[in-house]
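Since the structure comes first, as structure tokens, the remarks are kept for the end.
The values are calculated or read from the model by the stated rules, or taken from the named source; none is laboratory data. This is a predicted model, so every value here is computed, not measured. In this analysis, Cβ positions are derived from the backbone assuming ideal geometry, glycine residues included, and neighbour counts consider all displayed protein chains. Side chains included, ligands, DNA and RNA excluded: accessible areas come from the protein's heavy atoms. Shrake-Rupley method; radii C 1.70, N 1.55, O 1.52, S 1.80 Å.
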Amino acid sequence: MLCNPCSLSPSVSIDELTAFGGLSISNVPETPMEQVRRFFRGMSGSDILEYGLGFEKTDAPTLAKSTIVVVMDFEKFEFEPRCLTEYGLNTFTRKEMMPILANPGPHGENLLRNIYYYHIRVQESAHYVNRKWCPGNPENNRFGITRFATKQQAKDFLTSCIAWPVDETNPDGNKCLVIFLGHAVGNEIEMLQQELGVDPSVISNVVAIIDTQDIAREKGIRGRGQKIGLGHLMDVCDVSFRDAHTAGNDAAYTIIGALQMVIEGKFPNSPNRTLQAVVDALELYSRGVWPQVGVLNYCTRCGNFDHSRPQCYGRIKRCERCLKSGHEKAAYTHITRLCTHP
């Protein structure tokens, strides 16, 4: 912190993903990548994430050691146009996590600090904000630095984060294999292809897909319904679920919850340091990495790049569309080009 797409189940197998990317593995000799897929097929979601964090597993193929974990959450506007508005992305490599297991810190704090936290808002649609069914405010992102990127920039950045080179000195060589983690992960896989059009060759690098809902079930953690919600998982972890339904926050809470479930009982915790204190400190620490994409400022009220929406005071002209339709109060909150009313 990749059929009818709307019918994808929350838990998607790697075989389904391979078919989704237009690939076929039948009648083909087993490749080193398929050996890794077969290795992960026999493991639970908990065990797969443990391996991604650097824990050793017997009979692991050599190629599996180059895996990275990618955590994603997407937000889509709840009305027409049903457009992608933002995504949260967290990434880390198994190679970088392994030495930290010797000193993970209370509640895995040092592990959490070794994750990259990104929050990308799609510039063309950033002015569409959900306020009814899944209300969220992307201005209140808590993890990492928010960047505004065009849809093409957002796609290219995401692709680069998934396609890490195995050999850093050879960026055009083989790419690291990806363990994809999400909460109700089928929704995120759909977005990768349908909203951003990520190339199938990139998706084909995914060797395992895991879901926090399945990990919770494996650990005997029950939700209020058939599947545990992310907010309920945070309740179980004694962490405040603040500013939910914002992609950067939800992606971060996903990996925080997943990591707590898999490391429970493996390391001693400090009685003087709560997980909430760890998360509070992580919010500040995570802002130390600036993603090289897009721009820092973009105002979704007036469209200028020298300030953000909360700083846009006394600059709004008016929205002619809202005035004509009788929404006079709303007319002075944005310009016509950034109107969200039908």
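At a glance:
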quantity: Neighbourhood net charge (14 Å Cβ-Cβ; Lys/Arg +1, Asp/Glu -1) for E320; calculated: +4
quantity: Net charge of neighbours whose Cβ lies under 10 Å from the Cβ of R82, counting Lys and Arg as +1 and Asp and Glu as -1; calculated: -2
quantity: Set of lysines with alpha-carbon distance to K317 below 18 Å, sequence-local pairs under 8 removed; calculated: K329
quantity: FRET efficiency for R242 and Y116, using Cβ-Cβ distance with R0 set to 25 Å, rounded to 0.05; calculated: 0.75
quantity: For T62, net neighbour charge (Lys/Arg +1, Asp/Glu -1) across residues whose Cβ lies under 15 Å away; calculated: +1
quantity: Square roots of five times the Cα gyration tensor eigenvalues for the chain, Å; calculated: 35, 24, 19
quantity: Loop sites in segment 82-136: trypsin sites (Lys or Arg not before Pro), DSSP, at most 14 other Cβ within 10 Å; calculated: R82, R131, K132
quantity: Note, ³J(HN,Hα) from phi for segment 231-241, Karplus 6.51, -1.76, 1.60, rounded to Hz, x at Gly and Pro; calculated: x, 5, 4, 5, 4, 4, 7, 6, 10, 5, 8
quantity: Rough spin-label spacing in nm, given labels placed 7 Å along Cα→Cβ, for R38 and R222; calculated: 3.9
quantity: Low-density loop positions, GluC sites (Glu not before Pro), segment 168-272 - DSSP coil, at most 10 other Cβ in 10 Å; calculated: E168
quantity: The chain - accessible surface per residue (Å², probe 1.4 Å); calculated: 46
quantity: Length added when fully stretched, H341-S201, from 0.36 nm per residue minus Cα-Cα; calculated: 46.6 nm
quantity: When each of K65/K266; K132/K266; K57/K175; K57/K155; K132/K324; K57/K151 is checked by Cα-Cα distance, pairs over 31 Å; calculated: K132/K266; K57/K155; K57/K151
quantity: Protein accessible area in the chain, 1.4 Å probe - carbon and sulfur %; calculated: 50
quantity: Segment 35-114: equivalent-ellipsoid semi-axes (sqrt of 5 x gyration tensor eigenvalues, Cα, Å); calculated: 29, 19, 10
quantity: Calculated FRET value between D167 and N272, using beta carbons and R₀ = 51 Å, to 0.05; calculated: 0.75
quantity: Global geometry of segment 94-164, whether rounded, prolate or oblate, following the gyration tensor of its Cα atoms and the 1.5 cut on a/c; calculated: oblate
quantity: Difference of contour (0.36 nm per residue) and Cα-Cα distance, A60 to H327; calculated: 89.9 nm
quantity: With 5 Å bins from 0: P(r) over segment 224-342, alpha-carbon pairs, percent; calculated: 2, 9, 13, 14, 12, 11, 11, 11, 9, 4, 3, 1, 0
